[in-house]
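Please treat every number below as a calculation from the coordinates, not as lab data. Being a predicted model, the structure only gives us computed values, none of them experimental. Because the Cβ atoms are built from the backbone with ideal geometry, glycine has one as well, and the counts that use them run over all protein chains shown.
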Amino acid sequence: MMLSGASAALAQQSPGSLSPLGASGESEAAPARNGLNKADLEFYIRHLYVWGPKITLQIGDFAPSGVEGLLQTKVRASYQLASEERTFYVSKDGSHILEGRTFDIGKNPFHETIEKITTTNQASFGTPGAPVVIVVFSDFQCPYCAQEAKTLRGEVAKAYPEQVRVYFHDYPLPTHNWAKPAAIAGRCIFEQEPLAFWDYHDWIFENQANITPANLNDKVMEFASGKGVDALGLGGCIERGDTAEAVEASIREGQSAGVTSTPTMFINGRKLSGSLKWEQLKQIIDYEIEYQKVAKNAGDDCGCEISVPFPAAQ
């Protein structure tokens, strides 16, 4: 559920429950005066979006924004399992608040997101150095992720064998009861046999309906038979949870990049939430391929550049 939906639900409650000051609805505070005062900023934002006390607000520290005269802060709103992060800019005298995004015209508009997402030691397919990188944050128990997986593994792989590289990131949702153990198992397989991960990826999405928390481990071990995976090592890895921290790191990375639902894809840093139809995805990929012919400011780092140190001067 998106936070806007939570706000709408709260808006149906009594006016007192919507008070930004507390459940009583009695105001004892002065009106907001200075946007650089976190309490004032919270008071103002709660009124702006009708965010009552059941919605938790976390206001980050103020930092230089890169735009002269403006400071920046991140505001995260949370309600139950939903969360949303917004960026606010405040004038240096605290008198004005601006919500939105600023862009450095000399850089890729998604460069901040690109820098937050790592591709090192992640399952991938496609040509190294491809001009378009798709990073997908996915949940093995999510039916919409299964739909997107078919598009990525089928249509994208077939249409763009050299121009697109796809990276997989785990993002198991807390509402799914076997998604995280499946992610841990998948990561164990990847660390043993990277190529076998994609067989696992395809298999588990195809068999979602037959998997339960009780039979997951048995089915994973059955799958791994004949895939070149050491069964004893895999079983130990799963039982000990050796890759749990790698999965948690992937979740944290997704949260930092603004992931709130699955599947979420980033195409050269451009965020796309939900399962896209092939025609929509193809249009974005084609556009990005043409754009990168000129801009050359995104895409996969193939690691082809070799820096040869010069010997020290004698």
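Can you tell me the length gained on complete extension of the stretch D286 to D104, counting 0.36 nm per residue apart and subtracting the Cα distance?
On the way: separation 182, 0.36 × 182 = 65.52 nm, distance 2.40 nm.
Difference between extended and current length: 63.1 nm.
Quick check on the exposure proxy: order H111, H169 from fewest to most C-beta atoms within 10 angstrom.
In increasing order of surrounding Cβ atoms, one gets H111, H169.
What is the helix-to-structure angle for 231-240, meaning the angle in degrees between its Cα long axis and the longest Cα principal axis of the chain, kept from 0 to 90 and rounded to the nearest 10?
For 231-240 against the chain, the angle is about 20 degrees.
Over the chain, what is the relative contact order in whole percent, taking alpha-carbon pairs under 8 Å and six or more residues apart?
18 percent.
Please give the Cα centre distance for the stretch 197-234 versus the stretch 37-95, rounded to the nearest Å.
44
In degrees, nearest 10, range 0 to 90: what is the angle between the Cα axis of helix 278-295 and the longest Cα principal axis of the chain?
90
List the lysines whose Cα lies under 20 Å from the Cα of K38, skipping any in the same chain that are fewer than 8 positions away.
Candidates past the 8-residue exclusion: K54, K74, K92.
With 10 angstrom as the radius, rank D40, D61 by how many other C-beta atoms surround their C-beta, starting from the fewest.
Placing the least packed residue first, the sequence is D61, D40.
With a ≥ b ≥ c the root eigenvalues of the C-alpha gyration tensor of the stretch 109-173, is it rounded (a/c under 1.5), prolate (a/b larger than b/c) or oblate? Mind dumping the intermediate values first?
Values: a/c = 1.90, a/b = 1.11, b/c = 1.71.
Oblate is the answer for the stretch 109-173, as a/c is 1.5 or above yet b/c matches or exceeds a/b.
Which value in deg cm²/dmol, rounded to the nearest 500, describes the helix-derived mean residue ellipticity at 222 nm for the chain, given -39,500 (n - 2.57) per DSSP H run of n ≥ 4 and division by the residue count?
That calculation yields -11000 deg cm²/dmol at 222 nm.
Considering only Cα-Cα distances, which of the following residue pairs are longer than 26 Å: K150/K271; K150/K219; K158/K296; K116/K180; K116/K296; K271/K293?
In this structure, no pair lies more than 26 Å apart at Cα.
Out of all DSSP beta bridges with both ends in the chain, state the antiparallel percent to the nearest 5. It would help to have the intermediate numbers written out before the result.
On the way: 30 of 37 bridges.
Looking only at bridges with both residues in the chain, the antiparallel portion is about 80 percent.
In Å, what Rg and Dmax follow from the Cα atoms of the stretch 111-295?
Values for the stretch 111-295 (Cα only, Rg and Dmax): 16.1, 52 Å.
Give me the angle, in degrees from 0 to 90, between the Cα long axis of helix 38-49 and the longest principal axis of the Cα atoms of the chain, rounded to the nearest 10.
80
At q = 0.10 Å⁻¹, what log₁₀ I(q)/I(0) does a Debye calculation on the Cα points of the chain give, no solvent, two decimals?
Computed log10 I(q)/I(0) values: -0.72.
Within the stretch 165-185, list the residues whose amide N lies under 15 Å from a label point set 7 Å along Cα→Cβ of Q208.
Of the residues in the stretch 165-185, 171-180, 182-183 have backbone N under 15 Å from the label point off Q208.
Report the antiparallel proportion of the DSSP beta bridges in the stretch 111-295 as a percent, rounded to a multiple of 5.
If we restrict to bridges inside the stretch 111-295, about 60 percent are antiparallel.
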